Amino acid sequence: MSTRRRSTAMFSALVTAVAAIAVAAPAQAANPIIISIYTADPAPLVVGSTLYVYAGRDEAPTGGGNFAMREWHVLSSTDAANWTHHGARADIATFPWAGADAWAGEVEPRNGKYYWYTSVNGNGPGWMNIGVAVGDSPLGPFTDAKGGPLISDSTPNSSGLNIDPTVFVDDDGQAYMYWGGYWGPRAVRLASNMIDTVGAVVTPTGLTDFWEAPWMFKRNGLYYMMYAANDTNGCVTNSNYACQRYATATSPLGPWTHRGVVLGQVSSTTNHAGIVEFNGQWYIVYHNANAPGGGNFRRSVAVDRLYFNADGTIRPVVQTTTGPPPNPGGGGGGANIAPSATVSTSYVSPWENLSAVNNGGTPVNSQDRSNLAYGNWPQQGVQWIEYTWPTARSINSSSVYWFDDNQGIDLPASCQLQYWNGSTYVPAPVQSTCGVNVNVDNVNTFNTPINTTRLRLRITSRSGNSTGVLEWKAFQS
Ligand code: FUB
């Protein structure tokens, strides 16, 4: 029997609301990312150069067998490795019509406001509801936006358990909300005010073995839905636990096509996660029971890297205790504009691919050819690759992931970033020497942004070797 079913009807205490605490305390730089309190059901959100994580707080006592959740907390980071805890930014009292169970939520920005969709137990008939609070900043303050539930047990065709909202605003401005538990996924359109539904609640198809905890996002024009499943058909060995499966679709309400497992079983029975792109890299934020004294009702939030294959499928996540390395990004968190450039080179080996350098791949290590590789074997000495844009771009940093096949292609002896000043190539105003480290993005931040139509990476090989690149990014200021 799953945690959810074991806890059903066991949790009815009316909780006195606790006012939001306006603190910003350092969390930590490893997994779990916070151990001063227990946290669960994380939902990431990038605003500017900051990665926020919204999470519930687990307050069950040691050995407790039920959820005790009254508050939603916020953490933030500017590098996905070092975290600041901002305390409780919403709680049961945020919703005057509710009384208990501050379960999973997600924040979605729109029109300069931040809408926090949450699972919460109302005081009326039925059990869980979806509420929505609104604030003027990612840290609030948040107030009830509607004066009652957005979704409840009385909503026609609602889920058997109305929890775990995920809200997604598409490029055309149409917003969608998915939610549900007890194997009952549901979806509905939201109005542009973000607090009303539009049209009927529908039952999406193709979310194979859906249990709860949907998370929706879009990448390269493809819609993704990650969700918790608890089947024993490749997900978990014991259906008290859950994994994260995912499906893709070419339209936001499906039909969905199941693609496999993203995140395997974790150390807590529940498994709840969110996926986000931050500073050019992808991350999964999830929970487990790994903090000291942790357990199924004393969970903790963790962060790890997430990798896509060239065909858009997701690689199974490797859960770590170290968390990801710091990713401070390109100085301003600007977009990687390399994919929109035309790339040229002094030489590419006929069996390698110049397109590798700006195809948006995220290498796992310097031998990772899964998103192709650029190499210039058997050339030695100085070679270059170059980006050209049709109009001038403002660029404030760059990063290079070197290819090293442990054969003829080795890390370079040195490198230099140059740009076209209108009549010749000149060195970019880098803050540090061009990095030649293995297995990492070698980030080079500029002292001042450059305006140019051409950026060049000049590479000098080690004696007897050639050089190669897996991904070269240029960040817009
Ligand atoms: O934290 C309470 C509930 O447990 C969440 O709403 C579910 O997703 C599961 O993580």
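Taken as a whole, the structure places SER344 among residues that are part of a strand (DSSP E or B) and not assigned by TED's automatic domain parsing to the domain that holds ARG259. When VAL400, VAL364, VAL357 are screened for being in a loop (DSSP other than H, G, I, E, B) and in the same structural domain as THR433 (by TED's automatic domain parsing), only VAL364 passes.
If you check ALA335 against the conditions, is it modelled with pLDDT under 95, under 27 Å from ASN371 (Cα atoms) and either of a type in the set (A, V, I, L, M) or within 16 Å of the ligand (Cβ to nearest atom) (or both)? Criteria met by ALA335. Close contacts from the stretch 374-394, counting a first residue that is touching a residue at least 40 places away in the same chain (Cβ under 8 Å) and assigned by TED's automatic domain parsing to the domain that holds THR345 and a second that is of a type in the set (Val, Ile, Thr) and open to solvent by 70 Å² or more (accessible area, probe 1.4 Å), with Cβ to Cβ under 6 Å and a gap of 6+ residues or different chains, come to THR388/THR342. Flag not set for LEU372, criterion: under 19 Å from THR342 (Cβ atoms) and open to solvent by less than 10 Å² (accessible area, probe 1.4 Å). Among the criteria (1) over 28 Å from VAL46 (Cβ atoms); (2) within 22 Å of the chain's Cα centre (by Cα), the one SER158 does not fulfil is (2). None of LEU253, LEU263 is open to solvent by 10 Å² or more (accessible area, probe 1.4 Å) and not polar (S, T, N, Q) except LEU253.
Among the residues of the stretch 216-232, those that are of a type outside the set (Lys, Arg) and touching a Pro at 6+ places or on another chain (Cβ under 9 Å) comprise MET216, TYR223, MET225, MET226, TYR227, ALA228. Tell me, please, whether a residue that is small (Gly, Ala, Ser), open to solvent by 60 Å² or more (accessible area, probe 1.4 Å), modelled with pLDDT under 95 and over 20 Å from ARG456 (Cβ atoms) can be found in the stretch 308-316. Yes: one or more hits. Restricting attention to the stretch 320-352, the residues being open to solvent by 60 Å² or more (accessible area, probe 1.4 Å) and farther than 18 Å from ALA392 by Cβ number 9. Exactly one residue out of ALA175, ALA213 is within 16 Å of the ligand (Cβ to nearest atom), open to solvent by less than 10 Å² (accessible area, probe 1.4 Å) and of a type outside the set (Val, Ile, Thr): that is ALA213.
Within the stretch 229-237, is even one residue open to solvent by less than 20 Å² (accessible area, probe 1.4 Å) and either in contact with a helix residue (DSSP H, G or I) (Cβ under 8 Å, 6 or more places away or on another chain) or assigned to a strand (DSSP E or B) (or both)? Looking for residues that are open to solvent by less than 20 Å² (accessible area, probe 1.4 Å) and either in contact with a helix residue (DSSP H, G or I) (Cβ under 8 Å, 6 or more places away or on another chain) or assigned to a strand (DSSP E or B) (or both), one finds at least one in the stretch 229-237, hence yes.
Of the residues making up the stretch 42-66, those that are within 19 Å of TYR117 (Cα to Cα) and either surrounded by fewer than 19 Cβ atoms within 10 Å (Cβ to Cβ) or within 16 Å of the ligand (Cβ to nearest atom) (or both) are PRO42, ALA43, PRO44, VAL46, VAL47, VAL53, TYR54, ALA55, GLY56, ARG57, ASP58. Under the condition of being open to solvent by 20 Å² or more (accessible area, probe 1.4 Å) and among the hydroxyl-bearing types (Ser, Thr, Tyr), the residues counted in the stretch 394-431 number 6.
Counting residues in the stretch 217-228 that are part of a loop (DSSP other than H, G, I, E, B) and either aromatic (Phe, Trp, Tyr) or closer than 21 Å to ALA242 by Cβ (or both) gives zero. Looking only at the stretch 86-105, residues that are under 22 Å from the mean Cα position of the chain (by Cα), outside any loop (DSSP other than H, G, I, E, B) and within 14 Å of the ligand (Cβ to nearest atom) come to 1 in all. Residue selection: ASP164 fails the criterion of being outside any strand (DSSP E or B) and more than 14 Å from the ligand (Cβ to nearest atom).
HIS258 meets all of the listed conditions (1) more than 30 Å from GLY64 (Cα to Cα); (2) at pLDDT below 95; (3) open to solvent by 20 Å² or more (accessible area, probe 1.4 Å) but one, namely (2). Of all residues assigned to the stretch 134-141, none qualifies as being in contact (Cβ under 8 Å) with a residue 40 or more places away in the chain and within 16 Å of the ligand (Cβ to nearest atom).
Residues that are aliphatic (A, V, I, L, M), within 16 Å of the ligand (Cβ to nearest atom) and open to solvent by less than 10 Å² (accessible area, probe 1.4 Å) are absent from the stretch 178-200. Exactly one residue out of ASN290, ASN296, ASN271 is within 16 Å of the ligand (Cβ to nearest atom) and in contact with a Cys (Cβ under 8 Å, 6 or more places away or on another chain), and it is ASN271.
The values are calculated or read from the model by the stated rules, or taken from the named source; none is laboratory data. What you see is a predicted model, and the numbers here were worked out from it, not measured in a lab. Glycine gets a Cβ as well: all are built from the backbone with ideal geometry, and neighbour counts include every protein chain shown. The accessibility values were calculated without ligands, DNA or RNA, using every heavy atom of the protein model including side chains. Shrake-Rupley method; radii C 1.70, N 1.55, O 1.52, S 1.80 Å.
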